[in-house]
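Colleague: Before we start, here is the structure in question, set down as structure tokens.
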């Protein structure tokens, strides 16, 4: 994974365990006339990572695809997979929007060459970027790009889970990514969804908005038979997945969290688990007043009398909201919690919101973690829940 | 499990509905070309396009669609036609779980254009109403709200073959029992951004717009989904090689009751892979894009709908639908009785 906290699993793990917050001044584009000027920026090197990819292929990739490449390559290396016939399922929301922005600006200026504009139109398309990424990773297989706003990454992993579970594939590369871009940043600012201070405080009583971020997270979803046959180290099992649609409003969740409740219940039913068996929830937790109330209500309704035992945090407080990459990156954070036995924190909480009848984790802590649940909710009401567990618990 | 297509809906330059589209395809008569103009400095850039006629719109009059752009309005009209009154009543009564899969390339390019223009002009006054509609899954979200369904709803981005990937995902949901049936929708709208962008590939492209929707369910009906092979990726094959592989996989022979509906637009270079892959095809062949224009993500939906209607007419017993996308994959399916 890559996030504003680090360029690989190790750096991210260290960052979350040290309760670091990686929100900074935006330098990628002009924010001088925006209400807000802060976000979580990842470090992406300008030159191609040595020996991993050709310079020309790296040059053609937009920032988001570079993020995806770095994370996908790390997943393949850690799974010790070098070449495979496995489908690729990727979630994104903004895709290569910065290239689209360039195309727009040059079309307005009217003095760019036809060839250069054609190249922009071609490389703006998400599928073209992902086909280039797959070529660079020697993955010559069908590609599926899911674009369900902020739930895209979680949906991609859920799709992969189903493909493997149904026997249609032994192994799938799945994940999500998004890079910061001007149009989306300005969009969230226009909605007044960004925290004016740039400090996201999910579940704080006086929270005032989210911070955007960028990054990518990828996993290899593989059948137990396939993994055992090749002697692979199993990081965790996917125990359950639920997806549903909140039809309340295009950008606002149902205040009672109806669809969130549906996805948590569906994932638990598939995993054959009751809420008390979940050791940790990585919440969607954007830090906007409406989202956190809806999710908090959903968690209360889902957990019932056990709500006080449920440990919850939002890692968006540290790295920002990664939009199409959020669900995948937060899944990888859950896997870190499972393998390293700690819980990441909701940072910047001064006074928890009254909706927090659950155990809000405000500082990183060591813990016994066997099963984790992660929620992702997006614009348009795209809701998804994934449950991961230690190997052998299903 | 037998899967059948039991509903179709379309919005195209031929008009609102499947009937006007089929009438235009049958008559081989091309819709009227209009010019999409934008001023640039001291001149005007005019791009010839095929627009959906504004009259006789069948977009449902519901609050959620009031401020949406054409892509959502086209999609809603096509979806309503494909579902029909009986299914809509059953969904409302919670007796039918209908999933939605939306496929596109461009998405809401009109509002993206307007919103980004406002951002560059003065971000402080950029419209908060426009931005949410620019998100890729906004149109599909409106469909779920319109029919009142909390069932899964996924938006897939792909090249113009994405509709086949949508059908594949729908089949997966139905066979797994996640939904009783699935609406697969593709929709695109025109804007100078996308129209000029398309013509950068070839001046001969005629940019078009509209939507297509089919309803797929597990039932033994007249039009069955007989074969839907995995798409062939361009990662390590040329478009021509991928087109040939799809043709081989579909394994349909020349016969008087067989029909091929391909994705050719009438432009030599982009059409060449399909021309070569099917050069020995002597049975009937339709190329809807030659009449309806290049509607990007929506074009394949029209091909599939034309196939369904051809089978319903009983003039044909089996139809191969194929397309070779621009930069992702070649794909196709076999429909038959």
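Computed from the coordinates by the stated procedures, all read-outs in this text should not be read as laboratory data. Everything numeric in this text was worked out from a predicted model, so none of it was measured. Methodologically, a virtual Cβ is constructed for each residue, glycine included, from the backbone with ideal geometry; neighbour enumeration extends over all protein chains shown.
Colleague: Step by step: find N for the range B:224-336, compute 2.2 N^0.38 Å, then divide the Cα radius of gyration by it. What's the final number? Show your work: numbers first, answer last.
Modeller: Values: Rg = 12.8 Å, N = 113, 2.2 N^0.38 = 13.3 Å.
This ratio for the range B:224-336 stands at 0.97.
Colleague: If you find the alpha carbon centre of the range A:160-219 and of the range A:279-326, how far apart are they in angstrom?
Modeller: A separation of 13 Å, based on Cα centres.
Colleague: For the range B:178-248 and the range B:9-59, what is the centre-to-centre distance using only Cα atoms, to the nearest Å?
Modeller: Here the answer is 19 Å between Cα centres.
Colleague: Could you list B:71, A:77, A:145 in order of exposure, starting from the residue whose Cβ has the fewest other Cβ atoms within 10 Å? Don't skip to the answer; put the middle values down first.
Modeller: Values: B:71 30, A:77 12, A:145 27.
Fewest-to-most Cβ neighbours within 10 Å comes out as A:77, A:145, B:71.
Colleague: For residue A:11 and residue B:175, what is the calculated FRET efficiency with R₀ set at 35 Å and r taken between the beta-carbons, to the nearest 0.05? Could you put the intermediate results ahead of the total?
Modeller: Numbers: r = 42 Å, r/R0 = 1.20.
Efficiency for this residue pair is about 0.25.
Colleague: In the P(r) worked out for the range B:1-99, what percent of Cα pairs fall beyond 22 Å? Mind showing how you got there, number by number?
Modeller: Numbers: 2284 of 4851 pairs.
Value for the range B:1-99 (Cα pairs over 22 Å): 47 percent.
Colleague: Once you order the gyration tensor axes a ≥ b ≥ c over the Cα atoms, which shape class does the range A:264-318 get: rounded for a/c under 1.5, otherwise prolate or oblate by comparing a/b with b/c?
Modeller: Details: a/c = 1.86, a/b = 1.70, b/c = 1.10.
Since a/c reaches 1.5 and a/b is larger than b/c, the shape of the range A:264-318 is classed as prolate.
Colleague: Which order do A:166, B:233, B:208 fall in if you start with the one that has the fewest other Cβ atoms within 10 Å? List each step's numbers first, then the result.
Modeller: Details: A:166 11, B:233 22, B:208 27.
Fewest-to-most Cβ neighbours within 10 Å comes out as A:166, B:233, B:208.
Colleague: Rounded to the nearest 5, what is the percent of antiparallel bridges among the DSSP beta bridges in the protein assembly as shown?
Modeller: Working: 70 of 106 bridges.
In the protein assembly as shown, DSSP labels about 65 percent of beta bridges as antiparallel.
Colleague: Sticking with this one: Considering only DSSP beta bridges where both residues belong to chain B, give the percentage that are antiparallel (nearest 5).
Modeller: Counting only bridges with both partners in chain B, antiparallel ones make up about 65 percent.
Colleague: Another question about this same structure. By DSSP, what percent of the beta bridges with both residues in chain A are antiparallel, rounded to the nearest 5?
Modeller: Counting DSSP beta bridges with both partners in chain A, the antiparallel share is about 65 percent.
Colleague: Here's a follow-up. Can you give the three extents of the C-alpha atoms in chain A along their principal axes, from longest to shortest, in whole Å?
Modeller: Computed over the Cα atoms, the extents are 65, 54, 38 Å.
Colleague: Residue by residue through B:141-153, how many Cβ atoms from other chains fall within 10 Å of the Cβ on average? Working shown, then result.
Modeller: Details: counts 13, 3, 3, 7, 8, 1, 1, 1, 3, 11, 4, 12, 10.
Going residue by residue through B:141-153 and averaging, the value is 6.
Colleague: Something else now. Within 10 Å of each Cβ of A:339-347, how many other protein chain Cβ atoms are there on average?
Modeller: Working: counts 0, 0, 0, 0, 0, 0, 0, 0, 0.
Taking all residues of A:339-347 together, the mean is 0.
Colleague: Taking springs between alpha-carbon atoms closer than 10 angstrom, which of A:380, A:231, A:285 fluctuates most in the Gaussian network model of chain A?
Modeller: A:231
Colleague: Same structure again: Of B:176, A:63, how do they rank once you tally other Cβ atoms within 10 Å and put the fewest first? List each step's numbers first, then the result.
Modeller: Details: B:176 11, A:63 20.
Ranked by crowding around the Cβ, least crowded first: B:176, A:63.
Colleague: Cα-based Rg of the protein assembly as shown per 2.2 N^0.38 Å, rounded to two decimals? It would help to have the intermediate numbers written out before the result.
Modeller: Details: Rg = 24.3 Å, N = 731, 2.2 N^0.38 = 27.0 Å.
In units of the globular-protein estimate, the protein assembly as shown measures up at 0.90.
Colleague: Can you tell me the Rg and the Dmax, both Å, for the Cα atoms in the range B:3-218?
Modeller: In Å, with Rg to one decimal and Dmax whole: 17.9, 59.
Colleague: How many partner chain Cβ atoms sit within 10 Å of a residue's Cβ in peptide B:234-241, on average, as a whole number?
Modeller: Numbers: counts 7, 15, 6, 1, 0, 0, 0, 0.
That works out to 4 on average.
Colleague: Once R0 is set to 45 Å, what does the formula 1/(1 + (r/R0)^6) return for the Cβ-Cβ distance between residue B:251 and residue B:90, expressed as a FRET efficiency to the nearest 0.05?
Modeller: Details: r = 37 Å, r/R0 = 0.82.
Efficiency for this residue pair is about 0.75.
Colleague: Shape call for the range A:237-394 from the C-alpha gyration tensor, a ≥ b ≥ c root eigenvalues: rounded (a/c under 1.5), prolate (a/b greater than b/c) or oblate?
Modeller: rounded
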